[in-house]
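Only one structure is covered here, and it is reproduced in the block below.
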Amino acid sequence: MIEDSDDDFEVTELALRKVAKFSNPIHRCVTGKEALGYLQLDGGTLDGASNHSETPILILLDLNIPGLDGRKLLQRIRGSSVYTNTPVVVLTTSDNEKDIAYCYDNGATTYIIKPVDLDLFFNAFHRLRSYVETNESQPKSNHI
């Protein structure tokens with residue numbers, strides 16, 4: 001999960017655990033640069049991340065993160081053959097149609113606008129779980 005807001009991370013983690021029933025480990029990156037390192041898209045590895053050997057089953061990406069923003073990070077993720085089949089879910093507050101179109105044009109699997117209503121937010125994660133369970137083309141792994 002690439003998310004800079006502590007509050008948004010906590011709510012999203014709660015939604016993943018309680019609503020979507022994910023029991024997978026969740027790794028959080030706060031900046032685009034940190035995410036590049038963790039995903040090993042920077043030519044090196046992030047301290048402590050070099051031990052992960054499995055491709056994440058899902059990448060949750062906020063667009064508005066410090067440094068390299070989510071739009072550019074999405075391009076880098078989709079430019080890597082390693083993440084061709086990994087769903088990338090853009091999870092952001094932006095409802096700008098240009099952002100939505102940009103993300104889909106650059107390979108986002110889906111685009112979820114962070115709703116103010118917690119029930120709507122949790123419902124989105126219930127649907128996300130259904131998607132992950134039924135997507136047969138995904139590589140099998142244990143990381144989110």
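Screening residue 123 against (1) modelled with pLDDT of 85 or more; (2) surrounded by 14 or more Cβ atoms within 10 Å (Cβ to Cβ) leaves a single unmet condition, (1). The set of residues in segment 98-130 that are among the polar types (S, T, N, Q) and over 20 Å from residue 58 (Cβ atoms) is empty.
Inspect segment 77-96 for any residue being within 11 Å of the chain's Cα centre (by Cα) and among the small types (Gly, Ala, Ser) and give the result as yes or no. No, because not a single residue in segment 77-96 is within 11 Å of the chain's Cα centre (by Cα) and among the small types (Gly, Ala, Ser).
Among the residues of segment 10-27, is any in contact with a Leu (Cβ under 8 Å, 6 or more places away or on another chain) and part of a helix (DSSP H, G or I)? Yes, segment 10-27 contains at least one residue that is in contact with a Leu (Cβ under 8 Å, 6 or more places away or on another chain) and part of a helix (DSSP H, G or I). Quick check on residue 140: is it among the charged types (D, E, K, R), modelled with pLDDT of 90 or more and surrounded by fewer than 17 Cβ atoms within 10 Å (Cβ to Cβ)? No, not satisfied.
Taking each residue of segment 41-69 that is farther than 17 Å from residue 111 by Cα and looking for partners that are of a type in the set (Gly, Ala, Ser) and modelled with pLDDT of 70 or more with beta-carbon atoms closer than 6 Å, six or more apart or interchain, yields 41/80; 46/37; 67/32; 68/32.
For first residues located in segment 93-114 and touching a residue at least 12 places away in the same chain (Cβ under 8 Å), partners that are of a type outside the set (A, V, I, L, M) and assigned to a helix (DSSP H, G or I) and lie 6+ apart or on another chain with Cβ distances below 7 Å form the pairs 102/71; 106/75; 106/78; 107/78; 111/103; 111/104; 114/8; 114/121.
Scanning segment 9-28 for residues that are charged (D, E, K, R), over 16 Å from residue 56 (Cα atoms) and buried (at least 17 other Cβ atoms within 10 Å of the Cβ) returns no hits.
The values are calculated or read from the model by the stated rules, or taken from the named source; none is laboratory data. Quick caveat, the model's predicted, so the values are computed rather than measured. Note that each Cβ is placed from the backbone with ideal geometry, even for glycine, and that neighbours are counted across all protein chains shown.
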